[in-house]
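Visitor: Here it is, the structure in full.
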Amino acid sequence: MDLIPSFQVNHVDLVPGIYESRVDEIGGDCATTFDIRMKTPNKEPAVHPNAMHSIEHVIATFLRNDAEWKDRIVYWGPMGCLTGSYLIVKGRPKPQELLPLMLRAFRYLRDYEGEVPGATPVNCGNYLLHDLTMAKWEAARYVEVLESHPCFDYPVVQRIAVKGGTFFDS
C-alpha cells in the first residue's frame with residue numbers, strides 16, 4: 001500500500017504551526033485539510049486526552065459560530081497522536097490566511113470561562129473525559145507560538161527513487 005501523505009511529513013523536523021495537509025476536489029469544489037500542530041512531535045509531551053477533548057469541544061463550537069468562517073468549516077477534530085488537530089474547510093485558503101482565525105479561536109479558549117460546551121451525558125459520548133484548565137493552558141502556549149513564530153511550511157521526508165521503486169528511509 002502507498003504511504004499516505006500525512007505519514008510522509010518529516011515529523012523529526014516538524015514544529016508547531018499551521019500547515020496545509022491535503023486538498024481534495026469534491027464535485028468541482030475544494031476541501032482543504034489543515035494540520036493545526038500544537039506540539040513538537042516526539043520531543044515534547046502530547047496533549048493529554050482530557051485536555052484535547054475539551055479543546056475539541058470549545059474550538060469546534062467557536063469555529064462553527066465564527067461570523068467570518070462558520071459557513072466554510074467542515075470539520076475540527078484531534079489527531080490520533082494528540083499533538084494537534086485537523087481542520088477541514090471549504091475552498092483553498094493558504095495556511096497564513098488561517099492565522100487570524102486560529103489566534104481568535106485559541107485566545108477564546110485561553111480566556112474561556114464556564115462549562116465545556118456539550119460536555120453532558122446527553123451531548124457527549126465520554127462527557128467525563130474533560131480538563132478545561134489544562135486545555136486553557138495548552139491554548140495559551142499555542143497562542144504564544146502563533147504570535148511569536150508561526151510556521152506554515154511542512155518539512156517533507158525526501159524519498160529517493162531507486163531502480164525498481166522508491167526507497168523509504170522510515
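Visitor: Looking only at the stretch 1-16, which residues are closer than 19 Å to residue 47 by Cα, exposed (fewer than 13 other Cβ atoms within 10 Å of the Cβ) and not β-branched (Val, Ile, Thr)?
Guide: Within the stretch 1-16, 13 is the sole residue that qualifies.
Visitor: Applying the selection to the stretch 120-170, what residues are basic (Lys, Arg) and either assigned to a helix (DSSP H, G or I) or modelled with pLDDT of 95 or more (or both)?
Guide: Listed by number, the residues that qualify are 136, 141.
Visitor: Among the candidates 22, 107, which residue alone is outside any helix (DSSP H, G or I), surrounded by fewer than 21 Cβ atoms within 10 Å (Cβ to Cβ) and touching a residue at least 12 places away in the same chain (Cβ under 8 Å)?
Guide: Exactly one residue qualifies, and that residue is 22.
Visitor: Taking residue 30 and the conditions (1) modelled with pLDDT of 95 or more; (2) assigned to a loop (DSSP other than H, G, I, E, B); (3) of a type in the set (A, V, I, L, M, F, W, C), which numbered condition does it fall short on, given that it satisfies the others?
Guide: (2)
Visitor: Further question: I'm trying to understand the selection: among the residues of the stretch 61-90, which are without any contact (Cβ under 8 Å) to a residue 40 or more places away in the chain, surrounded by 15 or more Cβ atoms within 10 Å (Cβ to Cβ) and part of a strand (DSSP E or B)?
Guide: Selection gives 73, 76, 78.
Visitor: I want to confirm something. Restricting to the stretch 132-156 and keeping residues that are surrounded by fewer than 16 Cβ atoms within 10 Å (Cβ to Cβ) and hydroxyl-bearing (Ser, Thr, Tyr), which single residue is farthest from residue 7 (Cα to Cα)?
Guide: Filtering the stretch 132-156 for residues that are surrounded by fewer than 16 Cβ atoms within 10 Å (Cβ to Cβ) and hydroxyl-bearing (Ser, Thr, Tyr), the one farthest from residue 7 (Cα to Cα) comes out as 133.
Visitor: Out of all the residues in the stretch 28-48, is one or more among the aliphatic types (A, V, I, L, M) and farther than 21 Å from residue 111 by Cα?
Guide: Yes, that holds for at least one residue.
The values are calculated or read from the model by the stated rules, or taken from the named source; none is laboratory data. Predicted model, so just to flag it, every value in this text is computed and none were measured. Methodologically, a virtual Cβ is constructed for each residue, glycine included, from the backbone with ideal geometry; neighbour enumeration extends over all protein chains shown.
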